[in-house]
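Structure record follows, encoded as structure tokens.
The values are calculated or read from the model by the stated rules, or taken from the named source; none is laboratory data. Since the structure is predicted, the reported quantities are computational estimates derived from the model, not experimental observations. Note that we place each Cβ from the backbone using ideal geometry, even for glycine, and neighbour counts take in every protein chain shown.
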Amino acid sequence: MTKTVTTRQLILILVLSVVTLKVLFLPNVLASNIGRDGYIMLLFLLLVDFLNLLILLYLLNKYKDMTFSQILNTLFGKAISKVILFLLALFFLSRCFVRFQTNFIYLNENLYTAFEWYIFAFPILICVIFCIKQGTKVYARLCEIFMPVVIFGFLVALVVGIFRADFTNALPFLENGLGFIMSSHRYSVWFGDYFVLILFFGKIKIERKFNVKVVVSLLITIVLIALFYAVFYFTYNYNSVCHINAISDIMQFLPSVSDIGSFDWILILIWDIALFLDFTLSVMLVNFLFCEVFNIHKHKIIVTIVSLIIIVAFNYAINFNIFLSMTIYRDYIFAFNILIQAGLPILLFIFGTAKRRKLNEIPKTQ
Amino acid sequence: MNKKIFLFYTKIMNSLDMANQLKKSLLDSTDIIVRDLEINGERVALVFIDELCNVEELNRSVLFPIKQFMTTDITIEDLRKNVSSFCNVEILDLQQAKEKLLRGFSLIFMDGEEKVLVFNTVMYPGRSVEEPPTSTVISGPREGFNETLKVNLSLIRKRLPSSNLKVEELNIGRRTKTRINIVYFDDIVDKDVVNEIKQKLNKFDIDGVIDSYYLMKFLENRPNSIFRQVGNTEKPDIACAKLLEGRVVILVDGTPIAITIPYVMFEDFQSSNDYYSDAHRVSILRIIRVLGLFLSIFLPGMYIALQLYHYKVLPLKFLVTIVNTTQNLPLNPFLEIFFIIILFDILFEASVRMPKYLGMAISIVGALILGDTAVKAGLVSPPGVMIVALSAITVYIIPNQSSQISILRIVFALIGGTLGFHGIILGMLFLIAYLCNFDSFKTPYLAPYAPYISKDMKDFILKDSLTTMKTRPQSIPNKNSTRLRNKGEEKK
């Protein structure tokens, strides 16, 4: 298999998938439900997710030249691996729904007054199809070009927020204890990002200190995201519930000269790029997984088109109402999400280790 | 001996007949001169093309020595040996001699000799070595290539007197038989690149190659794309610098434009001046060039999008100014900008094609009369004119990309008018995704940014000092990456 993705590109893709949605609507959701200690919940869920990353990295290092479906075949056999791939495909399809919806609402909130869904949908779908057709190499390069801009935008928003935030709002610390952690499953739809790594299994040019680079950069990202929530909440305090779009709202505090104009719309444009890239990545994964499940090797683009039609149809059916879809996810789909986000990594780890033991045992017996 | 063969043989052996036969085979063209001469009692026939031959050279270096050495029993080989100290001479068969004649060489036929003496008396009309009008520099060498291959190669050779510099010659074009030189450093270049070039050049059979542009299209993986995939230069110093980086230079006879391969898009942001100036200043200039590129492509589209969809983004004072100037316009912002773009392009096209003395008048009519009158008549707004003018000027900040940028700014103006900022963002993503897949000759098109190559970033937007550039560009495949090392250090 040709190694098309560099370590740097992979890190940027992982950072993209972790950051993009966490700094848009999630802070508002956490602020509404948890309030002051929301950053602890965010940190907790991010760290749980991080364990998934460690397990996936473990598999990646163990089976350097194998694709994810080949690994599953080795660990579980063909039938079970197909089931797992299918469940993952559904998982990513649900992520696509959220991302598509978020992008639409984001644009309607920030850039357009009345944006018709079809004017939004068709150009974006054409671009997504084009990007997917170019392959993972091109996608990785695209991320490599735009992610520094996205990260820069995020850091600017964070710095601006830090100067505006009143950190005394953090007190009293954990006034209601840690009981709210028990409700973490309600936010599962916003997490499970590291599974995007499975698309790049067997395609990564593993360089020196690969694991250290990935782990350190993502730990920093996690801390920064939690800090971002804290900054957001400590800036607006109880009014946070009124601020739906965290990153854009924080940027409103950017010192600007009125004659030149405010620059927060530059960040809005930057985040439009991030949302597109994140959505494309999810569709790419759906495409990859369905193709693996149904052994489609020639006309992969048809799978992409069908997936996109499903995504648009779903969103049309619920009238692009993100709050409705969040309720659906929270109340009905959370169990499935937890199965994938918590159950699958554990399963992979156990079987991966067991396989290793078996492999180690063979030379001894010989 | 068969009578027919004998007659043919005798006929061929007669110098004048041979010369006339040759002229006949060239359709009796009137510019082919055949002279029957008797030198020291021996009959010879001299053939040359008047327009391509240096007659003075012919008298001095050909006829004069022949007169000295010609005797009745001298063979063609002996004569060649005797006169070779005076001029460049070789003995060729009739077919080869014919090809040489068409390139300006002079031929001497001798009675009883099958072969022909071929003298280099070529004199092509051509320019001298001048500064190329498309790449003028403030500091650094001013020499430019001209239309003569020999001159162009000599301009490279004089800068690179290295035993590892290899030149390979090809002739392409059924009718033009254009001479093409493939130049590279044998110990630096990646042989796969050279082989791919040769393979591509040998793959097609065209009637004529008039300019290097003809070859460019055959060397590109996507010849229908608006983006070029091979580099070009008119300056020998740039060509030499590229050779030292491990690239291949292709010189084509009859054109001052040399092709350089492999090519990365960012090359066009670099100017030869950059390498003869202070690195800090160069970094600032490169930032300006990148900014210029963005302005030229996106500014008209963004202006339309701002007016149609995102006026909230504009600061109040600016918005008021725009509203005041545009409220009475009969055209909407989209049509207004298109109208101005088309007006500018018409003026540009006319001024390029006009004779020089009329060009000034066109500029005055265009800029002052048309522009000013259009604004006063209320057809277009001053901000609209300013936006398009700025965009039109910045198109030429990267001259090699001007044709692509001109197309793209119209495309993005269309997108901005129909979809607003979101459309522009999508268009930009689409464009970059398209360019990310443009690898050719084992080189990524958007290197060193995608994929990121840290060592090459020293000569990207922010330019580092020459003393820190110890390796050749990693984005260009090469087999000897060391560029700079301390004296006495081992060769890697």
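Summary of values
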{"quantity": "Those residues of segment B:27-42 which are surrounded by fewer than 15 Cβ atoms within 10 Å (Cβ to Cβ) and in contact (Cβ under 8 Å) with a residue 24 or more places away in the chain, in sequence order", "calculated": "B:N40, B:G41"}
{"quantity": "Residue in segment B:431-445 that is without any contact (Cβ under 8 Å) to a residue 12 or more places away in the chain, surrounded by fewer than 21 Cβ atoms within 10 Å (Cβ to Cβ), within 19 Å of A:P148 (Cβ to Cβ) and within 14 Å of another protein chain (Cβ to nearest Cβ) present", "calculated": "no"}
{"quantity": "Options A:L24, A:L88: the member that is crowded, with 20+ Cβ neighbours inside 10 Å, part of a loop (DSSP other than H, G, I, E, B) and within 17 Å of the chain's Cα centre (by Cα)", "calculated": "A:L24"}
{"quantity": "Only listed residue being more than 19 Å from A:K355 (Cα to Cα), hydroxyl-bearing (S, T, Y), surrounded by 22 or more Cβ atoms within 10 Å (Cβ to Cβ) and more than 14 Å from every other protein chain (Cβ to nearest Cβ), chosen from A:Y106, A:Y39", "calculated": "A:Y39"}
{"quantity": "Residue within segment B:187-208 that is closer than 23 Å to B:R127 by Cβ and modelled with pLDDT under 95 present", "calculated": "yes"}
{"quantity": "Boolean, B:L358 is in a helix (DSSP H, G or I), assigned by TED's automatic domain parsing to the domain that holds B:H310 and within 30 Å of B:I461 (Cβ to Cβ)", "calculated": "no"}
{"quantity": "Given (1) of a type outside the set (A, V, I, L, M, F, W, C); (2) in contact (Cβ under 8 Å) with a residue 24 or more places away in the chain; (3) part of a helix (DSSP H, G or I), index of the condition A:K64 fails", "calculated": "(3)"}
{"quantity": "Verdict on B:G488 being within 14 Å of another protein chain (Cβ to nearest Cβ) and either small (G, A, S) or touching a residue at least 12 places away in the same chain (Cβ under 8 Å) (or both)", "calculated": "no"}
{"quantity": "Residues of segment A:135-185 that turn out to be at positive phi and away from every other protein chain (no Cβ under 13 Å), as a count", "calculated": "2"}
{"quantity": "A:I124 vs. criteria crowded, with 18+ Cβ neighbours inside 10 Å and either more than 13 Å from every other protein chain (Cβ to nearest Cβ) or assigned to a helix (DSSP H, G or I) (or both)", "calculated": "yes"}
{"quantity": "The listed residue being within 10 Å of chain A (Cβ to nearest Cβ) and within 30 Å of B:Y275 (Cα to Cα), out of B:I425, B:I453, B:I415", "calculated": "B:I453"}
{"quantity": "Residues satisfying the stated conditions in segment B:310-329, i.e. farther than 23 Å from B:A392 by Cβ and either modelled with pLDDT of 90 or more or surrounded by fewer than 16 Cβ atoms within 10 Å (Cβ to Cβ) (or both)", "calculated": "B:Y311, B:K312, B:P315, B:L316, B:K317, B:V320, B:V323, B:N324, B:Q327, B:N328"}
{"quantity": "Residue that is modelled with the highest pLDDT, among those in segment B:1-26 that are surrounded by 12 or more Cβ atoms within 10 Å (Cβ to Cβ) and in a loop (DSSP other than H, G, I, E, B)", "calculated": "B:L26"}
{"quantity": "Any hit, segment B:467-483, residues being more than 14 Å from chain A (Cβ to nearest Cβ), β-branched (V, I, T) and in contact (Cβ under 8 Å) with a residue 60 or more places away in the chain", "calculated": "yes"}
{"quantity": "Helices (runs of 4 or more DSSP H) contained in segment B:116-219 and holding at least 3 residues touching a helix residue (DSSP H, G or I) at 6+ places or on another chain (Cβ under 6 Å)", "calculated": "B:149-159"}
{"quantity": "Filter result for B:A239 (within 14 Å of chain A (Cβ to nearest Cβ), assigned to a helix (DSSP H, G or I), in contact (Cβ under 8 Å) with a residue 60 or more places away in the chain and of a type outside the set (F, W, Y))", "calculated": "no"}
{"quantity": "Yes/no for B:K100 being within 29 Å of B:V47 (Cα to Cα), surrounded by 17 or more Cβ atoms within 10 Å (Cβ to Cβ) and of a type outside the set (A, V, I, L, M)", "calculated": "yes"}
{"quantity": "Segment B:384-411 residues that are more than 20 Å from B:D268 (Cβ to Cβ), paired with ones that are aromatic (F, W, Y) (beta carbon under 6 Å, 6 or more apart)", "calculated": "B:I387/B:Y303; B:V388/B:F344"}
{"quantity": "Filter pass, B:G416 being in contact with a His (Cβ under 7 Å, 6 or more places away or on another chain) and surrounded by 16 or more Cβ atoms within 10 Å (Cβ to Cβ)", "calculated": "no"}
{"quantity": "Selection within segment B:192-213 - touching a residue at least 24 places away in the same chain (Cβ under 8 Å) and either surrounded by 18 or more Cβ atoms within 10 Å (Cβ to Cβ) or farther than 30 Å from B:K98 by Cβ (or both)", "calculated": "B:D192, B:V193, B:V194, B:E196, B:I197, B:V209, B:S212"}
{"quantity": "In segment B:72-92, residue surrounded by the fewest Cβ atoms within 10 Å (Cβ to Cβ) [restricted to those that are within 40 Å of the chain's Cα centre (by Cα) and either of a type in the set (G, A, S) or under 15 Å from B:A19 (Cβ atoms) (or both)]", "calculated": "B:S85"}
{"quantity": "So B:L52, is it out of contact with any Cys (no Cβ under 6 Å at 6 or more places or on another chain) and touching a residue at least 40 places away in the same chain (Cβ under 8 Å)", "calculated": "yes"}
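The rows are residues; the columns are (1) within 14 Å of chain A (Cβ to nearest Cβ); (2) under 25 Å from A:L269 (Cα atoms).
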{"residue": "B:I288", "(1), (2)": "no, yes"}
{"residue": "B:M302", "(1), (2)": "yes, yes"}
{"residue": "B:H310", "(1), (2)": "yes, yes"}
{"residue": "B:Q327", "(1), (2)": "no, no"}
{"residue": "B:I341", "(1), (2)": "no, no"}
{"residue": "B:D345", "(1), (2)": "no, no"}
{"residue": "B:I362", "(1), (2)": "no, no"}
{"residue": "B:G366", "(1), (2)": "no, no"}
{"residue": "B:S391", "(1), (2)": "no, yes"}
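Residues are listed down the side, and each one gets a yes or a no for (1) more than 14 Å from every other protein chain (Cβ to nearest Cβ); (2) in contact with a His (Cβ under 8 Å, 6 or more places away or on another chain):
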| residue | (1), (2) |
| --- | --- |
| A:R208 | no, no |
| A:V216 | yes, no |
| A:L227 | yes, no |
| A:F232 | yes, yes |
| A:I244 | yes, no |
| A:L277 | no, no |
| A:N287 | yes, no |
| A:F294 | yes, no |
| A:V306 | yes, no |
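To keep it simple, each residue is scored yes or no on (1) closer than 26 Å to A:N337 by Cα; (2) surrounded by fewer than 16 Cβ atoms within 10 Å (Cβ to Cβ); (3) modelled with pLDDT under 90.
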position	(1), (2), (3)
A:T113	no, yes, yes
A:I132	yes, no, no
A:M147	no, no, no
A:L158	no, no, no
A:P172	no, yes, yes
A:L199	yes, no, no
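Conditions (1) modelled with pLDDT of 90 or more; (2) more than 18 Å from B:T134 (Cα to Cα); (3) in a helix (DSSP H, G or I); (4) in contact with a Ser or Thr (Cβ under 7 Å, 6 or more places away or on another chain), marked per residue:
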position: B:P256; (1), (2), (3), (4): yes, no, no, no
position: B:T260; (1), (2), (3), (4): yes, no, no, yes
position: B:Y275; (1), (2), (3), (4): no, no, yes, no
position: B:R281; (1), (2), (3), (4): yes, yes, yes, no
position: B:I284; (1), (2), (3), (4): yes, yes, yes, no
position: B:V290; (1), (2), (3), (4): yes, yes, yes, no
position: B:F294; (1), (2), (3), (4): yes, yes, yes, no
